[in-house]
Structures are given as C-alpha cells and as structure tokens.
Amino acid sequence: MALTPPELKQYPMKTILQFLWLGCLLLSFSCQPDDDMGISDYCLENAGDPNCPNYDPCFEIFPATSNFDIIDSGFIAVDSVVGIPVDTSFASFLYFRVNRVNPLATYEWQVGQDPRVFTGSEINLNFNGFEGTVNVRLTETVPSNNCLAENDLISTSTKSITIVDSFDGIPTTGIFNGELRQGNNTIDDDLTITITGDVPSDLNEWWKILGLAFPEDCINLNRYGVPYTGGYSWLVSQYQSDFSGVGFCSPRNPVFIGRLTPGDQNEITIDYWLNNDNGKRIKRTFVGRRIQ
C-alpha cells in the first residue's frame with residue numbers, strides 16, 4: 001500500500017513574517033551587553049565586590065612594578081608647591097614617590113648607606129650638608145595570591161640622585177637664543193632671553209626670565225620679566241602680581257615650566273600657558289641654546 005505524505009499545513013505570508021520578526025527579536029535580546037542585563041554601573045566599575053554578579057576575584061590585583069620618581073620641589077605661589085622628577089638637585093629636602101600605588105603592596109626603601117629601611121609609598125628625606133651621589137632602591141612586594149605568577153609578586157628597582165652645591169653654578173641661568181612657537185606657528189624665530197639668578201647689582205633682576213613675549217597688558221612681565229623658582233635643571237613660575245601688589249597680568253593667569261634637555265645643559269625648553277583675549281587657554285614654547 002502506498003504511503004501518502006502527511007497533509008502540509010499552509011501558513012499565510014503575513015504569519016510567516018511575524019514568525020521571522022519574533023525570531024529576530026529573541027536573538028537581539030540574547031546578544032544584549034551585560035549592562036542591559038541587570039548589572040549596575042557600580043558593579044561594572046567594582047567587579048571585585050563579591051556581592052556583584054560579575055564578581056572577579058582578580059579584579060584590580062596588579063603585579064609589583066617598583067617604578068618610582070625622585071622629586072625636587074619649589075613654591076610657585078603663596079601656598080602652592082610643584083614637584084619635578086630629577087636626577088640632580090641642589091635641594092637638601094627630596095621626595096621619593098611610587099608612580100602608581102598598588103593597594104595590596106608593601107614598599108621598602110633603602111637609601112645610600114643608611115642602615116634604616118623606610119616604608120610607605122612616599123618618603124621624604126633631608127640631605128642637608130651632603131654632596132655626592134646616592135643610590136636609592138625600592139622593593140615592592142605583593143602578597144601571594146591565586147591571580148599572579150610567583151615572579152609578579154616582588155619587584156626591585158634602583159635610581160640615583162646627585163646632590164650638588166648651588167655655589168658651583170646654576171645651569172638654567174644664562175642667555176639663550178632660539179625660537180618661540182604657539183602651536184604650529186612661529187612667533188619669533190630669533191628670540192633671545194636671559195635667565196638670571198642672584199644679581200647683586202639690581203634686586204629687580206633677581207631670579208627672572210627676561211625677554212619672553214607677552215600681550216601688551218602684561219606690563220610688568222614685559223618690563224621686569226618673570227619671577228621664578230627652580231632647581232638644578234628646571235624652573236617654574238605662576239606669576240600673580242608685580243612688586244607693588246597690582247597684578248596687571250593676573251586675568252591671563254600665566255604659568256611657566258622650563259627644563260634643560262637631559263644630557264645637554266646648553267639647551268632649554270620653556271612652556272608657558274596663559275589666557276588669550278577671549279579667555280581661552282593657549283600654550284607657547286620657547287626652545288633655545290645657550291649663547292652665554
């Protein structure tokens with residue numbers, strides 16, 4: 001007896017399209033990102049919380065790196081301090097600071113021949129009366145855990161700092177000739193500036209940057225120069241007022257940072273920022289070589 005095929009049920013085209021639409025809708029829901037599936041913004045940013053559905057026991061467990069800087073500092077305003085990483089300094093007081101603090105790590109510092117072991121992510125020491133080079137060693141240790149390999153649990157690095165006497169000369173002072181730029185535009189391709197230290201013959205020229213270009217309303221900066229503080233290879237200034245207390249350039253809020261080129265005491269770069277006539281912050285850069 002011949003078998004007859006079952007009866008095929010016919011569906012109208014409208015119903016078929018509805019089925020296809022429903023299938024696509026279900027597929028789109030299955031591919032939604034986690035933050036649309038009930039995970040809060042808090043849990044997305046704090047996956048180390050065991051109460052979060054996306055809990056990750058290795059969240060923010062970082063390997064030891066022991067990267068650090070030796071920081072020289074100076075006042076640039078009444079109560080403002082700037083820190084500059086250095087390898088040579090006049091300063092008797094220096095900071096030693098971990099670049100990125102690991103919340104699980106412990107830190108041990110050994111400084112020169114000092115038998116003491118200092119702890120913490122930042123220490124400061126006084127080298128008053130000392131001249132010479134000091135090696136500084138930092139050891140960072142992370143507790144054993146199931147997230148890091150054994151060789152990621154401890155790291156040691158060493159840097160040196162040379163402390164010199166300022167009476168032997170200040171490398172940032174002198175006369176420099178070079179180019180002043182603002183963005184891609186050259187303002188002056190033959191600008192000469194003078195950076196002074198102690199000038200016993202004229203107190204108005206003590207510790208000044210003379211010759212940089214400023215808008216006309218910065219009367220005292222153009223007339224007397226920029227007062228600054230600095231160290232062996234750097235200088236900074238946040239100009240606020242002139243000697244009579246009237247801040248002709250204060251609305252422009254100029255800030256200056258200068259550094260000698262590493263390995264070349266005859267080249268200096270000075271970046272400075274100030275507000276233009278519309279109140280927009282602009283940056284100018286002077287790069288020059290010593291001519292005296």
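The values are calculated or read from the model by the stated rules, or taken from the named source; none is laboratory data. Nothing here was measured: the structure is a model prediction, and the numbers come from that model. Because the Cβ atoms are built from the backbone with ideal geometry, glycine has one as well, and the counts that use them run over all protein chains shown.
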Could you pull out the residue among G74, G38 that is modelled with pLDDT under 90 and within 30 Å of Y272 (Cβ to Cβ)? G74
Of the residues in segment 195-212, how many are at pLDDT below 85, over 17 Å from G169 (Cα atoms) and among the hydrophobic types (A, V, I, L, M, F, W, C)? 1
Could you please let me know if R137 is within 17 Å of T162 (Cα to Cα), modelled with pLDDT of 95 or more and either out of contact with any strand residue (DSSP E or B) (no Cβ under 9 Å at 6 or more places or on another chain) or among the charged types (D, E, K, R) (or both)? yes
Name the one entry in N128, N135 that is assigned to a loop (DSSP other than H, G, I, E, B) and free of Cβ contacts under 8 Å to residues at least 60 places away in the same chain. N128
Close pairs from segment 166-179: first closer than 14 Å to N266 by Cβ, partner assigned to a loop (DSSP other than H, G, I, E, B) and among the aromatic types (F, W, Y), Cβ under 7 Å, at least 6 apart: P171/Y232
Taking segment 160-177 only, how many residues are among the hydrophobic types (A, V, I, L, M, F, W, C) and part of a strand (DSSP E or B)? 4
Scan segment 57-71 and tell me whether some residue there is under 21 Å from the mean Cα position of the chain (by Cα), acidic (D, E) and either surrounded by fewer than 17 Cβ atoms within 10 Å (Cβ to Cβ) or closer than 23 Å to V236 by Cβ (or both). yes
Members of segment 213-241 that are assigned to a loop (DSSP other than H, G, I, E, B) and either at pLDDT 90 or above or surrounded by fewer than 18 Cβ atoms within 10 Å (Cβ to Cβ) (or both): A213, P215, E216, D217, Y232, S233, Q240, S241
Flagged in segment 138-160 as buried (at least 17 other Cβ atoms within 10 Å of the Cβ) and either without any contact (Cβ under 8 Å) to a residue 60 or more places away in the chain or of a type in the set (D, E, K, R) (or both), in numbering order, are E140
Which count do you get for residues in segment 161-181 that are out of contact with any Phe, Trp or Tyr (no Cβ under 7 Å at 6 or more places or on another chain), loosely packed, with under 14 Cβ neighbours inside 10 Å and not β-branched (V, I, T)? 4
